[in-house]
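*Asks:* Take this structure, written in structure tokens, and hold onto it; I'll ask about it next.
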Amino acid sequence: MPQDATTTHGASTTPLHLARWTVNSGSNARSRGAVIIDAGDHHWQASADGIGAIDALYRAVDQAISEVLDGHPRLLAYDIHALGEGTDTIGVVTVRIAPPMVVGERGLGEYDGEARGPNIIAASIEAYIVALNRMLAEEQWSGAPAEAAKAGTRARPKSAVTPGDARDQRAQLDKDAAGIDTVDWFEQ
């Protein structure tokens, strides 16, 4: 079995991998998140607005993989727990999701994800990806990322990114955030 495959109940699928993410958030503006998610030789990218940083990132993930799931997962629970005292302590984020509301086996089940780290936003999106991978590892989802990559319009072949291309790709991914200069914003 390939090294990047996940197996549950005899099913095999290439897991989703969060390649990159970014989020802009502030007190006087809606939050905006952008993600690039890899699976096998393809990736999906999207950006989305949200009520806060985590909401914006979860919406971006949902939009990016909507072809894979034929809809959006349902967030059933979200919990943050600090493992110690102080603002620099490790936090544990736990999420529980359900598949999109569809008829049949793909619409059933609940899946947990957990991640920990000092950055709650990073742990939150990692926990969400863990839960999605647990769902996609089920037999009824076998091959969903590969099928979406073949049939979808969002999937793109992965390619190497040079440092000079990174800024252009960020602007292409999230055109609304391309011109944001936070230093100028704070000096206003």
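*Asks:* For an R0 of 22 angstrom, estimate the FRET efficiency from the Cβ-Cβ distance between Val92 and His17 and round to the nearest 0.05.
*Replies:* 0.55
*Asks:* Then there's this: Taking θ = phi - 60°, what integer Hz values does the Karplus form 6.51 cos²θ - 1.76 cosθ + 1.60 yield along region 107-116, in sequence order, with x for Gly and Pro?
*Replies:* Result, ordered by residue: x, 10, x, 9, 9, 9, x, 9, 8, 9 Hz.
*Asks:* Compute the distance in nm between two label points, each set 7 Å from the Cα along the Cα-to-Cβ direction, one at Glu85 and one at Val102.
*Replies:* Roughly 5.0 nm, to one decimal.
All of the numbers you see were taken from the coordinates with simple rules; none came from a lab. Predicted, not measured: the structure shown is a model, and the values here were computed from it. Note that we place each Cβ from the backbone using ideal geometry, even for glycine, and neighbour counts take in every protein chain shown.
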